[in-house]
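All remarks here apply to the structure that follows.
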Amino acid sequence: MSVKDYIPAAKRKLVYAVFAFLGLALGAVQVGFATAELGTPVWLSVSLAVYTFVAAAVGFTAQGSVDKSEEDYLE
């Protein structure tokens, strides 16, 4: 059994989109603080650390959701 058997495609797509936008927002805030030469706030450092940790699980979920027929396009 794979992830696609448990989570419908439409919900996975939404989760991946939200996750991507969250990463984009966190990265933009980090760049903003760095450009302004301000110290990185603790909440941002913690958020980035947790985000990168969770990214592995999201990536494995995405990889497990690929249909075998879709893999043919990667070759």
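The values are calculated or read from the model by the stated rules, or taken from the named source; none is laboratory data. Computed from a predicted model, the values in this text were never measured in an experiment. Note that each Cβ is placed from the backbone with ideal geometry, even for glycine, and that neighbours are counted across all protein chains shown.
From the residues in region 1-15 that are exposed (fewer than 10 other Cβ atoms within 10 Å of the Cβ) and among the hydrophobic types (A, V, I, L, M, F, W, C), which one is modelled with the highest pLDDT?
So the residue we want is 10.
Restricting the search to region 6-47, which residues are part of a helix (DSSP H, G or I) and of a type in the set (Gly, Ala, Ser)?
Hits for region 6-47 are 9, 10, 17, 20, 23, 25, 27, 28, 32, 34, 45, 47.
What is the one condition in (1) in a helix (DSSP H, G or I); (2) at pLDDT below 95 that residue 66 does not satisfy?
Failed condition: (1).
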